[in-house]
Every structure is written in C-alpha cells, then in structure tokens.
Amino acid sequence: MKTKIILFLNQKGGVGKTTSAINLGASLAEMGKRTLLIDIDSQGNLTSGVGLDARKPGVYEVLAGSAALNEVIQQTAVRNLFAIGSNIHMAGLAIELVNQDRREYFIRDAFSPLEGNWEYIIIDCPPSLGLVTINAMVWANEIIIPMQSEYFAMEGLTLLMHTIGNIKKSLNPELEVLGILFTMYSKRTRLSRDVVDDIVSYFDDLVFDTMIPRNIRLAEAPSHGLPINQYDGSCNGAKAYRALAKEVIKRGK
Ligand SMILES: Nc1ncnc2c1ncn2[C@@H]1O[C@H](COP(=O)(O)OP(=O)(O)OP(=O)(O)O)[C@@H](O)[C@H]1O
Ligand SMILES: [Mg+2]
C-alpha cells in the first residue's frame, strides 16, 4: 500500500489548518481509511483537539531519539483514527537542527518507517515556513492549502506556491499541491465571493469544490477533545468535511 502523506500548510496563522487536519482525518477514518494524524506544531492544538494525553511522548521525543515510533501512536475517539502528539519542546527544534547534517531530512528519516501501515498520514504544520515545516515538506507527497477568503489572500498564496516550487525542485520532486481549500467561508459576504472568484480564475481546478462554512460547532469541538463527526455529526461543518474527504479520495487516484 502506498501511503498518502498529506500536509496542511499555510504560513498564515488561524486559517483552519488544525481544524481541517483533524476533521479530514476523522472523515477519512469514518469511511474506513486507516489514518494517522501527526502534530508538528509546538502549540499542540491538534494534540488537545483530538484529546490526546499530552504528557505522553510525541513527535519531539521520536526526533530526539528518546521514544520509539510504536510508543507515540495514540488511539483517538474515532475508529481507524490514530495520532501522534506534539508539545512545547517542538518550539526549540528548528534551532537544534540548524547545525546538523541533513537538517531538512530529520522528519523523513525518523517517520518514514510508518509508511505502508497507513492509508493516510495527515500532518498539521505550524504557521511558519521554518525548518520544521520544511522537514515536513520533504517527507510529504501532497499539500492541502487551507485559506480564508479575505483581502491579501492571493499575495500569501503566491508566496506559498513559490516556496513549494523551490522545495519540489531542490529537496522533494514528488511533492504536489492536492488542492486549495476555502475555510470559514460565508457566501453572504461580497468580499468572500470576490476573493474566491479571483483565486478560482487563477488556480482553476486546484481549488476544491468543497468549501468549509463558518460553523460554530467546528470551533467548539476541540475543547471537548473530539473531531466534528463525534461532537455533532450532522452539523454543516461535519457534512463539509465528509464532502472534502470524498474529493480527497477521488483526487488521489
Ligand atoms: N469553519 C470554521 N468555522 C468556525 N470556526 C472555525 C472554523 N475553522 C476553524 N475555526 C476556528 O478558527 C480558529 C483557527 O482555526 P485553526 O486553529 O484550525 O487554524 P490554524 O491555521 O491551525 O491556526 P494556527 O496557524 O495558529 O495553527 C480556531 O479557533 C478554530 O476553532
Ligand atoms: Mg494550527
């Protein structure tokens, strides 16, 4: 089995990376796909959002050599959905890596033994294009870019596409953008619609048909440590992430 390694990437903060990583993962798992979430953000939002025990070792401990891969995988409340957590130690990782050989390959070297055991591995990035994120880009094969339809969206997206192009050329030729995902969308506002039109006219099919609506249930679920399909499986947010999962499965073929 070829594992699909999907990275939620955007250097801008608060665009829905973590929410989307959790709920795409939970929706794929609900469809019977064995899925592993990996949190590489020192904020640990995905870790708490799926109710992991943050005192257990996670990504940092694997990279530091103090824990084995099979010790860090935790089961979530959703069948088929597992996760590896992150903690505040990840904040210092980029500095620790700076002077190391193969500093861009730490994540790939440590985590690639997981490949083959999972249908999907979904990685949640910090809001930065620093060395930790670059490490994830070197291991991943597909990127989903979540974004809000707001002014300056195009500028941020252009920078991001440029960076992805550079990494593909220099470090990971397999890297592809799977799609651009609009999050917290509200079709009632004119600006939202204009920004979407603008980006669709430029990036065309790369934009997912599914747009994630602004939905309070999606914002509430993490404080209960649950993905949306467990917290309120019939709300609009849950439906949208199921539709996204179908699109992701279709695009991956
Ligand atoms: N569709 C949505 N509807 C309503 N609220 C949302 C939605 N998606 C995300 N949120 C809320 O918006 C905030 C930012 O979302 P999230 O944490 O997923 O973004 P992020 O890109 O991971 O942020 P960071 O860059 O800090 O890691 C959170 O409070 C989240 O609960
Ligand atoms: Mg986040």
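Laboratory data are not the source of any read-out in this text; all were calculated from the coordinates shown. Please read these numbers as outputs of a predicted model, since none were measured by experiment. Virtual Cβ from ideal backbone geometry, glycine too; neighbours counted across all protein chains shown.
The H on the amide N of I143, modeled in the peptide plane, is under 5 Å from the matching H of L7, E176, V177, L178, G179, each at least 5 residues off or on a different chain. Could you work out how far the C-alpha centroid of the range 61-90 sits from that of the range 92-134, in angstrom? Centre-to-centre distance over Cα atoms comes out at 13 Å.
Between the residues F182, S27, I164, the greatest Cα displacement towards the positive end of the dipole of the chain, with unit charges on the Cβ of Lys, Arg, Asp and Glu, is found for S27.
To the nearest 0.05, what FRET efficiency results for S112 and T158 with a Förster distance of 35 Å applied to their C-beta separation? Provide the component values of the computation, followed by the final result.
Numbers: r = 31 Å, r/R0 = 0.88.
Once the sixth-power term is evaluated, E becomes 0.70.
Annotation: amide H-H contacts under 5 Å for L37 (H modelled 1.01 Å from N, sequence separation of 5 or more, or interchain): F82, A83, I84, I122. FRET efficiency for the R190 to D53 pair, using the beta carbon distance and R₀ = 51 Å, is estimated at 0.65. Measuring nothing but how far apart in sequence close Cα pairs (under 8 Å, 6+ apart) lie, relative to its length, the chain scores a relative contact order of 27 percent. Distance from the Cα centroid of the range 33-47 to that of the range 176-243 is 19 Å (rounded to whole angstrom). Under the simplified labelling scheme, the I216-D101 pair shows an inter-label distance of 5.7 nm, with each label point 7 Å from Cα along Cα→Cβ. Oblate is the label for the range 4-251, because the ratio a/c of its alpha-carbon gyration tensor axes (a ≥ b ≥ c) is 1.5 or higher and a/b is not greater than b/c. Phi angles of the range 90-105 translate, via the Karplus equation with coefficients 6.51, -1.76, 1.60 and θ = phi - 60°, into HN-Hα couplings of 4, 5, x, 4, 4, 5, 5, 7, 3, 9, 8, 5, 6, 5, 7, 10 Hz per residue; Gly and Pro are given as x.
With both labels modelled 7 Å from their Cα along Cα-to-Cβ, the N166 to L206 distance reads 1.7 nm. Do the alpha carbons of any pairs in K56/K246; K17/K250; K12/K168; K2/K168; K12/K187 sit beyond 27 Å of each other, and which pairs? From K56/K246; K17/K250; K12/K168; K2/K168; K12/K187, over 27 Å: K56/K246. For the range 176-190, the Karplus equation 6.51 cos²θ - 1.76 cosθ + 1.60, evaluated at θ = phi - 60°, returns couplings of 10, 8, 6, x, 9, 10, 7, 10, 6, 7, 10, 6, 6, 8, 5 Hz by residue, with Gly and Pro reported as x.
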